Amino acid sequence: MKPIMSVFAFATTLLVSSFAVAHDYQVGEISIAHPWSKQVPPTSKVAAAFFDIENAASQDDQLIKAESPIAGITEIHEHANVDGMMKMRQVKQINIPANGSEHLMPGDYHIMFFKLKNIPALGESFPLTLYFKNAGKVEISVKVEPADYQSESMKKHMKVE
Ligand SMILES: [Cu+2]
């Protein structure tokens, strides 16, 4: 936890903190909303993260890389229909259309963690650094939610299969 600081001396710090409270992040014209992860068993070697990305720029941007200290390997994944089976696989990037958005959620695009170094517990948060081709780099905090959790974004954007 951050120590309590003087409003006048640390106005900038407090501004950053208020972003964290809102659970929204901004880099350039890109904003990231409500990053979350599904709770996994303590023996799990893998986990995944989900969030919404909005691009306010007049040109497309791409999420090209993700890194987290919780995992040995962090990959960008999609779910795709391969010979009638839904399988997940690594993709090089996720395109975020100009003045548009993309939604990472279970059964769709997600960030995948392999070789977990520590398993974040329910209610905890862990850091995740995202790299966008145009907007650059941003560190976000991913909150661990229960295994049966459904985000507002999922309810709204989930593709019916
Ligand atoms: Cu995956």
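Roughly how big is the chain's charge dipole about its Cα centre, with Cβ charges of +1 (Lys, Arg) and -1 (Asp, Glu), in debye to the nearest 20? Please list the in-between numbers first.
Working: 15 positive and 18 negative charges, 101 e Å.
Result for the chain is approximately 480 debye, rounded to the nearest 20.
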Which angle between 0 and 90 degrees, to the nearest 10, do you get for helix 11-22 versus the longest principal axis of the chain when only C-alpha atoms count? 30 degrees
Which of Y149, Y131, T74, positive extreme of dipole for region 2-157 (C-beta unit charges): T74
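Could you compute the net charge surrounding H110? Neighbours are other residues with a C-beta less than 11 Å from the C-beta of H110; K and R count +1, D and E count -1.
Numbers: positive: K38; negative: E75, E78, D108.
With Lys, Arg at +1 and Asp, Glu at -1, the net is -2.
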Please compute the length gained on full extension between K65 and M154, using 0.36 nm multiplied by the number of residues separating them and subtracting their Cα-Cα distance. 29.8 nm
Check K65: other-chain or 5+ apart residues with amide H under 5 Å from its amide H, H built from backbone geometry? Y131
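Any read-out appearing in this document is the output of simple, stated calculations on the displayed coordinates, not a laboratory observation. If you're wondering where the values come from, they're calculated on a predicted model, not measured in any experiment. Neighbour counts run over all protein chains shown; Cβ positions are idealised from the backbone, glycine included.
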